[in-house]
Amino acid sequence: MYSLPTDSSAAFSLVNDTPLAAVNAVVLAFTPDGGSIYYQIPPGLTLRVGGRWTPGRETDQHQALAHQGAAVTDQGAMISWDRPDDCAAPKRLPWGKAPHKDDEPAVLAWDRPPVKHTDNVIPWGDAPDKAAPPLAAAWDKPPAQDTEPVDLLYDKPPARDLDKPGRWRSTTLPTPELLATSDYLIPDPLVISLGGDYRLPDPGVPDQPVSIALGQVAEAVAAEPLRIPADRPYRLPWGQPHRNNDDYGLAWGWGHSKFRKDARWRLQYPDTDDPIYKLPEPGDDPIEQDTIIMANLITVTRVSDGLPLAVHDIRIDLDIDSWAWKFQGTVINQSTLAAIVPSWAGLVDVEVVINGHAWVFMIESYNGATRHGDQRWTIQGVSRTQYMAGPYANTSSYMNAAQVNAHQAAEAVLQYTGFLLDWNYLPGDTTPDWTYPVGSLSYQDRTPLEVLLAIARSAGAVLIPHRDADGWVLQPRLRASPWDLDGAYMNAIVNHGIVTQLGEQYQPAPLFNAAYVSGTNYGQGVSVSRYFTGGDKPAPDLFDQGIVAHDQAKERARQIIANSGAHSLVTLTCALPPASTAPGLIEPGDQLEYQAAGETESSGRWRGYVLGVSISAPGSGAVSVNQTARIIRYHEH
Amino acid sequence: MSTEPSVNPWRKFTNMLPGNLRAVVTVTANNGDGTSNATTRDGTPIVVKGEGVAPPNQALIVDGEISVQVPALPQSSAEV
């Protein structure tokens with residue numbers, strides 16, 4: 001315990017072995033006053049920090065020595081850099097990893113300095129953390145850019161130049177206040193001790209508070225103008241410009257004078273004002289008329305090997321009641337005839353293409369004669385559909401032991417033959433399907449085509465053979481009834497401008513508006529009448545053994561009514577344009593519209609059904625190709 | 001027999017040929033002289049050759065002569 005002396009003065013000694021570098025003054029005054037001792041208010045302890053690591057004074061020698069010891073350790077490491085181990089030299093890179101002990105902060109004597117006088121020392125706490133990273137970083141790995149110089153690309157710009165820079169935002173800008181206080185970090189915790197047993201000499205007021213303020217006199221930092229970044233404009237990606245094709249450059253230069261080469265050519269200038277000759281009086285305005293120029297292309301080849309054949313005077317025919325196209329031509333040399341005559345291998349198929357329309361025929365026969373200086377044979381052919389009829393097809397007998405649809409029965413006839421039947425070839429206006437009861441479909445020694453015709457004709461349908469495929473289209477003889485023809489789909493529209501010849505033959509015939517169609521042993525009798533007519537003009541009753549169903553009989557009756565009445569057979573001749581140009585190829589079974597100058601029937605517009613067509617290409621070479629369609633017009637419906 | 005107008009030579013030729021008239025009649029009596037009385041579908045009485053079908057059955061007649069007996073089929077009507 002400390003006791004105040006009785007004298008009026010007393011001596012105090014403050015032991016201070018620890019550095020108090022920043023303490024300006026410590027004043028302790030004890031003033032006796034009436035038996036009481038007053039103490040002066042402890043002065044404020046002002047700490048001014050001017051630098052973090054100012055050179056230590058003498059009292060800092062211990063700490064300085066401690067730092068010196070660490071330098072010795074570092075020196076040893078530096079020696080190792082100068083003289084690397086011989087055995088390890090080839091394997092070590094000169095800028096390799098620093099010795100392990102340098103990376104260990106514990107090895108360095110940067111620990112808390114030894115406290116010599118712990119009782120009266122104001123420790124400074126741990127060293128600031130910011131002092132350690134520079135030392136460690138100095139011995140770290142070399143910067144990455146020093147070790148990878150090969151990544152620099154000199155022949156093309158960096159990839160980032162090719163991309164548009166992304167949009168960026170401004171971050172929080174450093175304010176002057178933050179700049180003033182950010183350098184100094186107050187150690188936490190901050191411990192200040194004024195000696196071990198020291199007590200303030202104030203018996204009356206023990207444990208007087210002592211205010212110690214640590215701080216930094218913040219100097220006024222001149223507020224720098226905020227550098228508010230402006231938006232950088234987008235950098236356009238740049239690269240090597242497109243190379244112009246120099247080969248297409250126009251070769252320019254002096255032109256050649258035609259006049260100069262032709263010395264005899266001279267401009268004739270009349271030397272008189274009078275006209276050289278009298279101009280004729282202008283006539284009437286010419287009449288503008290359209291001209292259609294057809295450039296026909298005909299090729300005849302052998303199907304097996306594409307051998308070109310010299311065939312002239314080609315004629316191709318089909319009517320609505322035939323099941324095969326017919327072909328006729330003239331051969332004028334022996335080699336062509338030898339290439340297409342039937343042989344032991346069978347009939348020869350030839351392909352005829354006229355303006356894009358292709359047919360395939362098998363040459364059935366030829367006839368002709370050879371005279372001196374003239375060789376000429378006429379050849380005939382038919383579509384390959386003839387193979388399903390006599391004399392090529394075998395006959396068979398059949399009876400349906402179960403119910404079968406007509407469509408199925410027709411396909412069964414053609415099974416394994418390679419020929420196809422398109423029943424529903426056209427949308428709408430199709431022949432209905434029906435069902436044969438057991439035993440109702442029976443035939444004996446019939447070819448497949450005879451069976452197909454019997455099935456088709458029982459419902460008033462026809463078989464239209466394909467031009468260059470093996471098969472038929474089964475369609476109604478008249479797809480749309482004559483009284484519905486104005487709203488029906490037209491397969492071909494013929495303008496009068498393309499027609500070279502038009503003939504018409506009127507034929508009277510009775511008109512019916514009702515028909516009775518019945519089977520004989522199967523099916524039912526169906527009395528069919530046309531709408532809104534009352535059926536007062538019935539056709540003769542029709543009994544057909546092949547009629548077995550209601551829909552079948554109804555369709556057959558519709559054909560009887562539709563094909564009645566006075567009619568005209570029109571013969572229309574026009575060119576044969578390609579399929580992309582109207583009217584294209586007019587085929588039997590089509591519904592055709594003829595357009596004269598007007599839009600009404602009185603002005604020459606009418607519609608009809610195509611019953612047959614003939615294509616003729618007389619002569620050879622650049623021949624003229626014409627198609628002659630035979631069309632039926634019904635007048636009374 | 002179909003009589004549709006045609007441009008096919010064979011069809012035009014067959015359309016001109018007589019015969020092949022087929023009808024189904026109802027036999028009313030066998031006359032015993034090789035003929036039979038019958039009525040057509042609309043009730044018209046006719047005389048046909050042949051007595052092969054006994055009344056009141058229906059017979060198929062071809063060109064005016066009884067061919068075979070046929071069953072009575074159901075009747076229906078339709079409009080087109």
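For the stretch A:275-290, state whether one or more residues are in a loop (DSSP other than H, G, I, E, B) and modelled with pLDDT under 70. Quick ask: steps written out before the conclusion?
Filtering the stretch A:275-290 for residues in a loop (DSSP other than H, G, I, E, B) gives A:275-290.
Subsequent filtering for residues that are modelled with pLDDT under 70 retains A:275-276.
Yes, the stretch A:275-290 has at least one match.
A:Arg457: within 25 Å of B:Asn8 (Cα to Cα) and part of a loop (DSSP other than H, G, I, E, B), yes or no?
Spelling it out, it is not the case that A:Arg457 is within 25 Å of B:Asn8 (Cα to Cα) and part of a loop (DSSP other than H, G, I, E, B).
Could you look through the stretch A:521-547, keep only residues that are under 19 Å from A:Asn405 (Cα atoms) and buried (at least 23 other Cβ atoms within 10 Å of the Cβ), and pick out the one that is nearest to the other protein chains (Cβ to nearest Cβ)? Even if it seems obvious, please write down each step before you answer.
Of the residues in the stretch A:521-547, the ones under 19 Å from A:Asn405 (Cα atoms) are A:521-524, A:544-547.
Subsequent filtering for residues that are buried (at least 23 other Cβ atoms within 10 Å of the Cβ) retains A:523, A:547.
Details: A:Gly523: 6, A:Ile547: 10 Å.
Looking at residues that are under 19 Å from A:Asn405 (Cα atoms) and buried (at least 23 other Cβ atoms within 10 Å of the Cβ), I get A:Gly523.
What pairs come out if I take residues in the stretch A:370-382 that are within 30 Å of A:Ile464 (Cα to Cα) and pair them with residues that are surrounded by fewer than 10 Cβ atoms within 10 Å (Cβ to Cβ) whose C-beta lies under 7 Å away, six or more apart or interchain?
Listed pairs, sorted by first residue: A:Trp377/A:Asn367; A:Thr378/A:Asn367.
Run down B:Ala23, B:Ala29 and say which single residue is touching a Phe, Trp or Tyr at 6+ places or on another chain (Cβ under 8 Å), of a type outside the set (Val, Ile, Thr), assigned to a strand (DSSP E or B) and farther than 30 Å from A:Gly589 by Cβ.
Values: B:Ala29 fails: touching a Phe, Trp or Tyr at 6+ places or on another chain (Cβ under 8 Å).
Result of the check over B:Ala23, B:Ala29: B:Ala23.
Applying the selection to the stretch B:53-80, what residues are at the interface with chain A (Cβ under 7 Å from one of its Cβ atoms), β-branched (Val, Ile, Thr) and outside any strand (DSSP E or B)? It would help to see each step written out before you state the result.
From the stretch B:53-80, those at the interface with chain A (Cβ under 7 Å from one of its Cβ atoms) are B:60, B:70-71, B:73-80; that's our starting set.
With β-branched (Val, Ile, Thr) added as a condition, the list becomes B:70, B:80.
B:Val80 - this is the single residue of the stretch B:53-80 that is at the interface with chain A (Cβ under 7 Å from one of its Cβ atoms), β-branched (Val, Ile, Thr) and outside any strand (DSSP E or B).
Looking for something in contact with a strand residue (DSSP E or B) (Cβ under 8 Å, 6 or more places away or on another chain) and under 26 Å from A:Val462 (Cβ atoms) - is there at least one such residue anywhere in the stretch A:327-341?
Kept after step one, since they are in contact with a strand residue (DSSP E or B) (Cβ under 8 Å, 6 or more places away or on another chain), are these residues of the stretch A:327-341: A:327-334, A:336-337, A:339-341.
Narrowing further to those that are under 26 Å from A:Val462 (Cβ atoms): A:327-328.
Yes, because at least one residue in the stretch A:327-341 is in contact with a strand residue (DSSP E or B) (Cβ under 8 Å, 6 or more places away or on another chain) and under 26 Å from A:Val462 (Cβ atoms).
Suppose the filter is of a type in the set (S, T, N, Q), buried (at least 16 other Cβ atoms within 10 Å of the Cβ) and over 30 Å from A:Thr628 (Cα atoms); does B:Asn30 pass it? Walk me through how you get there before you give the answer.
Values: of a type in the set (S, T, N, Q): yes; buried (at least 16 other Cβ atoms within 10 Å of the Cβ): yes; over 30 Å from A:Thr628 (Cα atoms): yes.
Yes; evaluated as a whole, the condition is true for this residue.
The rows are residues; the columns are (1) surrounded by fewer than 19 Cβ atoms within 10 Å (Cβ to Cβ); (2) modelled with pLDDT under 95; (3) in a strand (DSSP E or B).
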site: A:Thr431; (1), (2), (3): no, yes, no
site: A:Leu474; (1), (2), (3): no, yes, yes
site: A:Gly497; (1), (2), (3): yes, yes, no
site: A:Ala509; (1), (2), (3): yes, yes, no
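Within the stretch B:32-52, how many residues turn out to be under 14 Å from the mean Cα position of the chain (by Cα) and part of a strand (DSSP E or B)?
9
From the list A:Ala480, A:Ala514, A:Ala454, A:Ala459, exactly one residue is within 13 Å of chain B (Cβ to nearest Cβ), free of Cβ contacts under 8 Å to residues at least 60 places away in the same chain and either among the aliphatic types (A, V, I, L, M) or surrounded by fewer than 18 Cβ atoms within 10 Å (Cβ to Cβ) (or both). Which is it? Reasoning before the result, please.
On the way: A:Ala480 fails: free of Cβ contacts under 8 Å to residues at least 60 places away in the same chain; A:Ala454 fails: free of Cβ contacts under 8 Å to residues at least 60 places away in the same chain; A:Ala459 fails: free of Cβ contacts under 8 Å to residues at least 60 places away in the same chain.
On inspection, the qualifying residue turns out to be A:Ala514.
Output the residue which, of all residues in the stretch B:40-52 that are within 13 Å of chain A (Cβ to nearest Cβ) and under 24 Å from A:Tyr522 (Cβ atoms), is surrounded by the fewest Cβ atoms within 10 Å (Cβ to Cβ).
Going through the qualifying residues, I end up with B:Asp42.
For the stretch A:318-337, which positions are within 14 Å of another protein chain (Cβ to nearest Cβ) and either touching a helix residue (DSSP H, G or I) at 6+ places or on another chain (Cβ under 7 Å) or surrounded by fewer than 18 Cβ atoms within 10 Å (Cβ to Cβ) (or both)? Walk me through it before giving the result.
Filtering the stretch A:318-337 for residues within 14 Å of another protein chain (Cβ to nearest Cβ) gives A:318-326.
Within the stretch A:318-337, A:Asp321, A:Trp323, A:Ala324 meet the criteria.
Kindly indicate whether A:Gln559 is in a helix (DSSP H, G or I) and either surrounded by fewer than 20 Cβ atoms within 10 Å (Cβ to Cβ) or more than 8 Å from chain B (Cβ to nearest Cβ) (or both). If you could, list the steps in order and put the result at the bottom.
Numbers: in a helix (DSSP H, G or I): yes; either surrounded by fewer than 20 Cβ atoms within 10 Å (Cβ to Cβ) or more than 8 Å from chain B (Cβ to nearest Cβ) (or both): no.
Against the criterion (in a helix (DSSP H, G or I) and either surrounded by fewer than 20 Cβ atoms within 10 Å (Cβ to Cβ) or more than 8 Å from chain B (Cβ to nearest Cβ) (or both)), A:Gln559 does not qualify.
Across the stretch B:1-20, what is the total count of residues that are within 9 Å of another protein chain (Cβ to nearest Cβ), surrounded by 14 or more Cβ atoms within 10 Å (Cβ to Cβ) and closer than 23 Å to A:Ala557 by Cβ?
Summing the residues that are within 9 Å of another protein chain (Cβ to nearest Cβ), surrounded by 14 or more Cβ atoms within 10 Å (Cβ to Cβ) and closer than 23 Å to A:Ala557 by Cβ in the stretch B:1-20 gives 7.
So, A:Ala469, is that one within 14 Å of chain B (Cβ to nearest Cβ), small (Gly, Ala, Ser), surrounded by fewer than 21 Cβ atoms within 10 Å (Cβ to Cβ) and in a loop (DSSP other than H, G, I, E, B) or not?
Judged against the criteria, A:Ala469 is not a match.
Just to verify a result, which residue in the stretch A:562-581, among those that are aliphatic (A, V, I, L, M) and within 14 Å of another protein chain (Cβ to nearest Cβ), is surrounded by the fewest Cβ atoms within 10 Å (Cβ to Cβ)?
Step one: of the stretch A:562-581, the residues aliphatic (A, V, I, L, M) are A:562, A:566, A:569-570, A:572, A:575-576, A:579.
Okay, now just the ones that are also within 14 Å of another protein chain (Cβ to nearest Cβ), so A:562, A:566, A:569-570, A:572.
Working: A:Ala562: 27, A:Ala566: 15, A:Leu569: 19, A:Val570: 20, A:Leu572: 25.
Top of the filtered list is A:Ala566.
Would you say A:Ala369 is more than 30 Å from A:Pro577 (Cα to Cα), at pLDDT below 95 and of a type outside the set (Ser, Thr, Tyr)? Steps first, please.
Numbers: more than 30 Å from A:Pro577 (Cα to Cα): yes; at pLDDT below 95: yes; of a type outside the set (Ser, Thr, Tyr): yes.
Yes: the conditions hold for A:Ala369.
Let me confirm something: among A:Gln591, A:Gln507, A:Gln552, which residue is more than 9 Å from chain B (Cβ to nearest Cβ), under 30 Å from A:Arg315 (Cα atoms) and in contact (Cβ under 8 Å) with a residue 60 or more places away in the chain? It would help to see each step written out before you state the result.
On the way: A:Gln507 fails: more than 9 Å from chain B (Cβ to nearest Cβ); A:Gln552 fails: under 30 Å from A:Arg315 (Cα atoms).
Only one candidate qualifies: A:Gln591.
Could you count how many residues in the stretch A:612-629 are within 14 Å of chain B (Cβ to nearest Cβ) and crowded, with 23+ Cβ neighbours inside 10 Å?
Kept after step one, since they are within 14 Å of chain B (Cβ to nearest Cβ), are these residues of the stretch A:612-629: A:612-614, A:628-629.
With the extra rule that they be crowded, with 23+ Cβ neighbours inside 10 Å, the set shrinks to A:612-613, A:629.
Total satisfying the criteria: 3.
Could you look through the stretch A:392-427, keep only residues that are without any contact (Cβ under 8 Å) to a residue 12 or more places away in the chain, in a loop (DSSP other than H, G, I, E, B) and out of contact with any Ser or Thr (no Cβ under 9 Å at 6 or more places or on another chain), and pick out the one that is surrounded by the fewest Cβ atoms within 10 Å (Cβ to Cβ)? Please lay out each step first, then the result.
Start the filter on the stretch A:392-427 by keeping residues that are without any contact (Cβ under 8 Å) to a residue 12 or more places away in the chain, which leaves A:392, A:408, A:411-412, A:415-416, A:424, A:427.
Among the residues that remain, those that are also in a loop (DSSP other than H, G, I, E, B) are: A:392, A:415-416, A:424, A:427.
Those left that are additionally out of contact with any Ser or Thr (no Cβ under 9 Å at 6 or more places or on another chain): A:415-416, A:427.
Details: A:Gln415: 9, A:Tyr416: 5, A:Pro427: 7.
So, considering only residues that are without any contact (Cβ under 8 Å) to a residue 12 or more places away in the chain, in a loop (DSSP other than H, G, I, E, B) and out of contact with any Ser or Thr (no Cβ under 9 Å at 6 or more places or on another chain), the one surrounded by the fewest Cβ atoms within 10 Å (Cβ to Cβ) is A:Tyr416.
The values are calculated or read from the model by the stated rules, or taken from the named source; none is laboratory data. Just so we're clear, the structure is a prediction, and the values are computed from it rather than from any experiment. Every residue, glycine among them, receives a Cβ derived from its backbone with ideal geometry; neighbour counts consider all protein chains shown.
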